[in-house]
1. Any idea how many residues of the range 193-238 are among the aliphatic types (A, V, I, L, M), in a helix (DSSP H, G or I), more than 18 Å from Ala318 (Cβ to Cβ) and more than 16 Å from ligand 1 (Cβ to nearest atom)?
2. Would it be correct to say that Arg277 is of a type in the set (Lys, Arg) and either more than 15 Å from ligand 1 (Cβ to nearest atom) or not in a loop (DSSP other than H, G, I, E, B) (or both)?
3. Would you pick out the residues in the range 167-192 that are touching a helix residue (DSSP H, G or I) at 6+ places or on another chain (Cβ under 9 Å), of a type in the set (A, V, I, L, M) and within 14 Å of ligand 1 (Cβ to nearest atom)?
4. Among the residues of the range 1-31, which ones are assigned to a helix (DSSP H, G or I) and away from ligand 1 (no atom under 16 Å from the Cβ)?
5. Go through the range 409-420 and count every residue that is within 15 Å of Val322 (Cα to Cα) and over 20 Å from the mean Cα position of the chain (by Cα).
6. Looking only at the range 179-206, which residues are modelled with pLDDT of 95 or more and either among the polar types (S, T, N, Q) or over 19 Å from the mean Cα position of the chain (by Cα) (or both)?
7. Say whether the condition of being within 30 Å of Gly365 (Cβ to Cβ) and either more than 15 Å from ligand 1 (Cβ to nearest atom) or in contact (Cβ under 8 Å) with a residue 60 or more places away in the chain (or both) is met by at least one residue in the range 135-152.
8. Somewhere in the range 123-137, is a residue under 19 Å from the mean Cα position of the chain (by Cα), hydroxyl-bearing (Ser, Thr, Tyr) and away from ligand 2 (no atom under 16 Å from the Cβ)?
Amino acid sequence: MKVLVIGGGAREHALCRSLSQDPAVTELHCAPGNAGIAQVATVHPVDQLDGAQVLALSQRLAADLVVVGPEAPLVAGVADPLRAAGIPVFGPSAEAAQLEGSKAFAKDVMAAAGVPTARSYVCTTPAEAAEALDAFGAPYVVKDDGLAAGKGVVVTSDRAEALAHAASCDRVVIEEYLDGPEVSLFAITDGTTVVPLQPAQDFKRALDGDEGPNTGGMGAYSPLPWAPEGLVAEVLENVLQPTVDELHRRGSTFSGLLYAGLALTSRGTRVIEFNARFGDPETQVVLARLRTPLAGVLLAAANGTLASLEPLRWDEGAAVTVVVAAEGYPAAPRSGDPIEGLEKAEAADGTVFVLHAGTRADEEGRVLSAGGRVLSVTGTGADLAQARDRAYAGVAEIRLDGSQHRTDIALKAARQQAES
Ligand code: AMP
Ligand code: GLY
């Protein structure tokens, strides 16, 4: 099977790494890729937002499966011309990707499907925003309606800051604050059958102790030893399946990866957001634990044959990933710095591996930083403590001027697991 992956971040590197280990994959391509992906796949320069370019590349390579990684090409509709040309594609249509592309659309689908989420108002004027903020009270949650790479959300008790964020966006969703721990649960779907993956937890804030601004995600781990038994089944029944069914009913069939960002509140599980693609960095830890070869699973979703897929097999152990970000991330990341220690950071037995997010190779083949999140160092082990130690041992080998990472990824969960 010839597989083409669209994108060039750590999520796509994780996808490519798993696909490269799948014996069914005879050729692996990625566009545009990055310096790390180039080690496991043939990379091609392409404007990933340009459907015609992606289609031309897929046809030239005679790809048997195209996997679209990031939200921007999905929302731009890159999957549509592929599907129209009869190429199996993993990733939803532009219409279905509105589940991520518009928070207002997602709220409408959830209301119709009876999916539990925060109460909310869509506001377009400062007066509407002020009224909505006062209706819910502090802490305030203000979300840019459109795509914002995980950075369009402000959660604050400062009313002036909340109003200022609302004023800086064309259209905002203002919603009630959800307390309780967050869980990311991914499901693979062909538009009717829904196959949940293992849950993970992401660390969204930039700094230790969940301080600082929201980011795309600074680290993740899986499994969640503290999660209630039956969580996955509950979310499948009350969130994932009804959402997929509602989109199908509307004629906007969702095929690809449905990502539910959940809050386990004192009043029950609530959806914080949907995404239309694999999460980053959660994918790094979820795929590290998936034992079923990946290509067949993605192809079954693309071809509408998920119902006949064997149950997924999972590693009983744990995985932890720590994001190494550039100085100044998320506000103004610096780039172009050389990265050293990449090989030393990896373990020969594969228990620690480095996935590239924002990197590129210069003419001499040196690896340079080229984005806010630069690397994602992943450790696996028998339990979270071991996986965590390995991931941080890897991080300690990386040399990148001014780089930053959180030191508390999976710390609490590893302690709880050790105690129980
Ligand atoms: P989103 O882009 O919608 O996932 O929001 C990013 C982050 O903001 C989430 O992971 C939460 O940590 C936080 N957040 C979003 N919505 C809420 C909410 N209603 N209540 C509390 N925190 C929220
Ligand atoms: N880790 C959060 C996201 O992928 O949106």
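1. To start, the set of residues in the range 193-238 that are among the aliphatic types (A, V, I, L, M) comprises 194-195, 197, 200, 206-207, 218, 220, 224, 227, 231-233, 235-236.
Retained after the next criterion (residues that are in a helix (DSSP H, G or I)): 231-233, 235-236.
Of the ones still in play, those that are also more than 18 Å from Ala318 (Cβ to Cβ) are 233, 235-236.
With more than 16 Å from ligand 1 (Cβ to nearest atom) added as a condition, the list becomes 233, 236.
Within the range 193-238, residues that are among the aliphatic types (A, V, I, L, M), in a helix (DSSP H, G or I), more than 18 Å from Ala318 (Cβ to Cβ) and more than 16 Å from ligand 1 (Cβ to nearest atom) number 2.
2. Details: of a type in the set (Lys, Arg): yes; either more than 15 Å from ligand 1 (Cβ to nearest atom) or not in a loop (DSSP other than H, G, I, E, B) (or both): no.
Against the criterion (of a type in the set (Lys, Arg) and either more than 15 Å from ligand 1 (Cβ to nearest atom) or not in a loop (DSSP other than H, G, I, E, B) (or both)), Arg277 does not qualify.
3. Hits for the range 167-192 are Val172, Val173, Ile174, Val183, Leu185.
4. So in the range 1-31, the residues assigned to a helix (DSSP H, G or I) come out as 10-20.
Those that are assigned to a helix (DSSP H, G or I) and away from ligand 1 (no atom under 16 Å from the Cβ): Ala10, Glu12, His13, Ala14, Leu15, Cys16, Arg17, Ser18, Leu19, Ser20.
5. Going residue by residue through the range 409-420, those that are within 15 Å of Val322 (Cα to Cα) are 409-414.
Filter once more, keeping what is over 20 Å from the mean Cα position of the chain (by Cα): 411-414.
Adding up the residues that qualify gives 4.
6. Ser184, Thr189, Gly191, Thr192, Thr193, Gln198, Gln201
7. Keep residues of the range 135-152 that are within 30 Å of Gly365 (Cβ to Cβ), which gives 149.
Next, from what is left, pick out any that are either more than 15 Å from ligand 1 (Cβ to nearest atom) or in contact (Cβ under 8 Å) with a residue 60 or more places away in the chain (or both): 149.
Within the range 135-152, one or more residues are within 30 Å of Gly365 (Cβ to Cβ) and either more than 15 Å from ligand 1 (Cβ to nearest atom) or in contact (Cβ under 8 Å) with a residue 60 or more places away in the chain (or both).
8. In the first step, residues of the range 123-137 are kept if they are under 19 Å from the mean Cα position of the chain (by Cα); the result is none.
The answer is no; no qualifying residue exists.
The values are calculated or read from the model by the stated rules, or taken from the named source; none is laboratory data. All of these numbers come straight from a predicted model, not from anything done at the bench. Virtual Cβ from ideal backbone geometry, glycine too; neighbours counted across all protein chains shown.
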